[in-house]
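Undergrad: A single structure is presented below for examination.
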Amino acid sequence: MSKKINKKVRKKFVERFNEEPLVVFSPGRINLIGEHTDYNDGYAFPAAINKGISAGITKSKTDFSTIVALDKNEEYTFKVNEVAPLEKGGWRNYILGVVGEAQAKGYEIGNFNLSFSGNVPGGAGMSSSAALENAIGFALNELFQLNISKEELIYISQKAEHNYAGVHCGIMDQFASMFGEKKSALLLDCRNINAEVREFNLEGYKLILINTNVKHDLSESAYNKRRASCERVAAKLRVKALRDATEHDLNLIKDEISDDDYRKARYVIQENKRVNAFMKAVENSDIYSLGKLLYQSHEGLSKDYEVSCEELDFLVELAKKSEAVVGARMMGGGFGGCTINLVKKEGLDEFKKEVSLTFKEKFKRNCSIYKVKLSKGTHVVNLKN
Ligand code: GLA
């Protein structure tokens with residue numbers, strides 16, 4: 001699937017800039033379980049997918065850089081020595097952010113021409129932003145031979161998100177996009193940013209994403225607010241992060257914190273435990289437990305963490321009613337985007353039909369359904385193959 005988009009990016013680049021670009025592909029990600037645990041130093045189980053961002057790049061022969069956002073049909077020029085976040089900059093801020101944050105670390109970046117296109121839907125909780133950031137960092141690193149390690153690149157991407165896009169995200173998205181492996185998910189320990197690669201291939205079952213195609217307002221500020229709640233409770237408990245706390249610890253300070261902070265922290269502590277239980281269930285091919293954990297995760301995200309929305313809850317309720325679905329939950333930051341569903345192969349087509357119809361009946365809009373393949377992380381594309 002990424003072959004087509006890489007070819008298109010190359011062709012359009014040559015048409016616009018009259019030279020052969022270096023092309024990189026950087027994937028989006030799914031997350032099986034471990035939501036909103038990353039900025040609590042916890043565990044998550046994400047994987048890179050076969051949808052992402054393709055970018056072509058060359059050095060500029062002028063004293064400015066030109067960026068072409070192919071899907072939006074927009075062009076933007078800037079000078080690398082005058083980089084700062086833009087108000088309402090949209091996609092531009094991710095690019096400026098990576099350049100600015102790499103410069104802040106002392107890397108020298110010349111002006112460049114870049115065009116990019118994506119087949120990962122934006123706002124769907126599949127990390128199109130991390131895919132774009134990683135694509136830019138990776139491409140600049142190759143082009144200017146900066147010798148930045150992949151580890152450092154993902155921190156540059158994360159800082160771009162914090163300081164240019166204003167979202168105080170964890171490291172899961174950038175990590176999964178950069179380090180993904182074929183047919184595998186990554187058991188990520190967000191404290192030391194170490195991951196174990198685990199094959200994820202359940203015979204007879206498929207993962208599908210159902211996109212509500214909505215992104216509710218204020219999701220950025222709500223995200224930052226959740227993070228602040230977690231940090232407040234961790235400080236009260238005198239631990240570095242909620243990863244170090246148990247429900248028992250939390251109950252001891254229940255009367256000293258707001259009910260809202262209590263429920264947010266309880267969700268995080270429980271979700272972190274669910275990741276471990278999920279890993280055991282994967283090892284034992286215990287499908288029943290996998291499904292149960294997915295539904296529990298959703299319940300916590302919806303009722304306690306309050307990052308779901310009507311459309312996502314509706315999709316999970318539909319999944320629960322279907323014999324074919326093992327488990328489902330909302331995925332990513334929340335307030336819209338996708339649910340992830342583990343579905344038996346036999347009943348898959350019927351479930352898809354039913355979801356499309358029922359969703360449309362209820363919301364008078366279409367949802368989108370995607371099959372995803374677990375794929376390799378950010379890489380240079382060799383277009384000869
Ligand atoms: C967004 C953030 C991630 C993570 C998820 C929720 O995708 O970018 O760092 O916090 O939300 O798990």
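Undergrad: Looking only at residues that are of a type in the set (D, E, K, R) and more than 9 Å from the ligand (Cβ to nearest atom) in segment 149-177, which one is surrounded by the most Cβ atoms within 10 Å (Cβ to Cβ)?
TA: Lys159
Undergrad: Could you tell me which residue of segment 10-22 is nearest to the ligand (Cβ to nearest atom), considering only residues that are over 22 Å from Val120 (Cβ atoms) and surrounded by fewer than 18 Cβ atoms within 10 Å (Cβ to Cβ)?
TA: Across segment 10-22, the extreme among qualifying residues is Arg16.
Undergrad: Show the residue pairs that are 6+ apart or on different chains and have beta-carbon atoms under 7 Å apart, the first residue being within segment 174-185 and more than 12 Å from Lys373 (Cβ to Cβ), the second being β-branched (Val, Ile, Thr) and within 14 Å of the ligand (Cβ to nearest atom).
TA: Gln174/Ile154; Phe175/Ile154; Phe175/Ile193; Met178/Ile154
Undergrad: Considering only residues of segment 230-246 that are in contact (Cβ under 8 Å) with a residue 60 or more places away in the chain and closer than 18 Å to Leu301 by Cβ, which is nearest to the ligand (Cβ to nearest atom)?
TA: So, considering only residues that are in contact (Cβ under 8 Å) with a residue 60 or more places away in the chain and closer than 18 Å to Leu301 by Cβ, the one nearest to the ligand (Cβ to nearest atom) is Cys230.
Undergrad: With the condition kept exactly as written, say whether any residue in segment 64-79 is at pLDDT 95 or above, within 16 Å of the ligand (Cβ to nearest atom) and buried (at least 18 other Cβ atoms within 10 Å of the Cβ).
TA: There is no residue in segment 64-79 that is at pLDDT 95 or above, within 16 Å of the ligand (Cβ to nearest atom) and buried (at least 18 other Cβ atoms within 10 Å of the Cβ).
Undergrad: Continuing with the same structure: Quick one: count up the residues across segment 178-194 that are in a loop (DSSP other than H, G, I, E, B) and away from the ligand (no atom under 13 Å from the Cβ).
TA: The qualifying residues number 6.
Undergrad: Let me ask something additional. Scan segment 196-203 and give yes if some residue there is closer than 20 Å to Gln174 by Cβ, among the basic types (Lys, Arg), assigned to a helix (DSSP H, G or I) and modelled with pLDDT of 95 or more, otherwise no.
TA: no
Undergrad: Additional query: Considering segment 111-148 alone, what residues qualify as being more than 12 Å from the ligand (Cβ to nearest atom), part of a helix (DSSP H, G or I) and buried (at least 18 other Cβ atoms within 10 Å of the Cβ)?
TA: Scanning segment 111-148 gives Leu132, Asn134, Ala135, Ile136, Gly137, Phe138, Ala139, Leu140, Asn141, Leu143.
Undergrad: I've got another one for you. Do you know which of the residues in segment 40-52 that are assigned to a loop (DSSP other than H, G, I, E, B) and either without any contact (Cβ under 8 Å) to a residue 24 or more places away in the chain or more than 10 Å from the ligand (Cβ to nearest atom) (or both) is surrounded by the most Cβ atoms within 10 Å (Cβ to Cβ)?
TA: Restricting to residues being assigned to a loop (DSSP other than H, G, I, E, B) and either without any contact (Cβ under 8 Å) to a residue 24 or more places away in the chain or more than 10 Å from the ligand (Cβ to nearest atom) (or both), the top hit is Phe45.
Undergrad: So, in segment 80-95, how many residues would count as being at pLDDT 95 or above, within 20 Å of the chain's Cα centre (by Cα) and either hydrophobic (A, V, I, L, M, F, W, C) or part of a loop (DSSP other than H, G, I, E, B) (or both)?
TA: Total satisfying the criteria: 2.
Undergrad: For segment 53-63, state whether one or more residues are part of a loop (DSSP other than H, G, I, E, B), modelled with pLDDT of 95 or more, over 30 Å from Leu202 (Cα atoms) and of a type in the set (Gly, Ala, Ser).
TA: yes
Undergrad: Restricting to strands (runs of 3 or more DSSP E) lying wholly in segment 324-385: which have 1 or more residues that are more than 21 Å from the chain's Cα centre (by Cα)?
TA: So the answer is 325-330, 336-344.
Undergrad: Which pairs have Cβ atoms under 7 Å, sit 6 or more apart or on different chains, and link a residue in segment 210-229 that is farther than 20 Å from Thr37 by Cβ to one that is of a type outside the set (A, V, I, L, M) and loosely packed, with under 15 Cβ neighbours inside 10 Å?
TA: Close Cβ pairs satisfying both conditions: Asn211/Ser368; Asn213/Arg365; Asn213/Asn366; Asn213/Ser368.
Undergrad: Right, another one. Quick one: Gln103 ticks every box in (1) touching a helix residue (DSSP H, G or I) at 6+ places or on another chain (Cβ under 7 Å); (2) at pLDDT 95 or above bar one, so which box is it?
TA: (1)
Undergrad: Going by what's in this entry, would Glu306 be described as part of a loop (DSSP other than H, G, I, E, B), closer than 26 Å to Tyr223 by Cβ and acidic (Asp, Glu)?
TA: Yes.
Undergrad: Hey, another quick one. Take Ala222 and tell me if it is within 15 Å of the ligand (Cβ to nearest atom), among the aliphatic types (A, V, I, L, M) and surrounded by fewer than 19 Cβ atoms within 10 Å (Cβ to Cβ).
TA: yes
Undergrad: Let me ask something else about it. For the condition touching a residue at least 60 places away in the same chain (Cβ under 8 Å), within 30 Å of Ala235 (Cα to Cα) and either more than 16 Å from the ligand (Cβ to nearest atom) or polar (S, T, N, Q) (or both), what is the one hit in Thr37, Thr58?
TA: After ruling out the rest, the residue left standing is Thr37.
Undergrad: Determine which single condition Glu199 fails, assuming it passes every other condition in (1) more than 25 Å from Ser157 (Cα to Cα); (2) touching a residue at least 24 places away in the same chain (Cβ under 8 Å).
TA: Only one criterion is unmet by Glu199, namely (2).
Undergrad: For segment 23-34, which residues satisfy the criterion of being in contact with a Ser or Thr (Cβ under 7 Å, 6 or more places away or on another chain) and either assigned to a strand (DSSP E or B) or more than 12 Å from the ligand (Cβ to nearest atom) (or both)?
TA: Val23, Val24, Phe25, Ser26, Pro27, Gly28, Arg29
The values are calculated or read from the model by the stated rules, or taken from the named source; none is laboratory data. Since the model is a prediction, treat every value here as computed from it, not as a measurement. Reconstructed Cβ throughout: ideal geometry from the backbone, glycine too, with neighbour counts over all protein chains shown.
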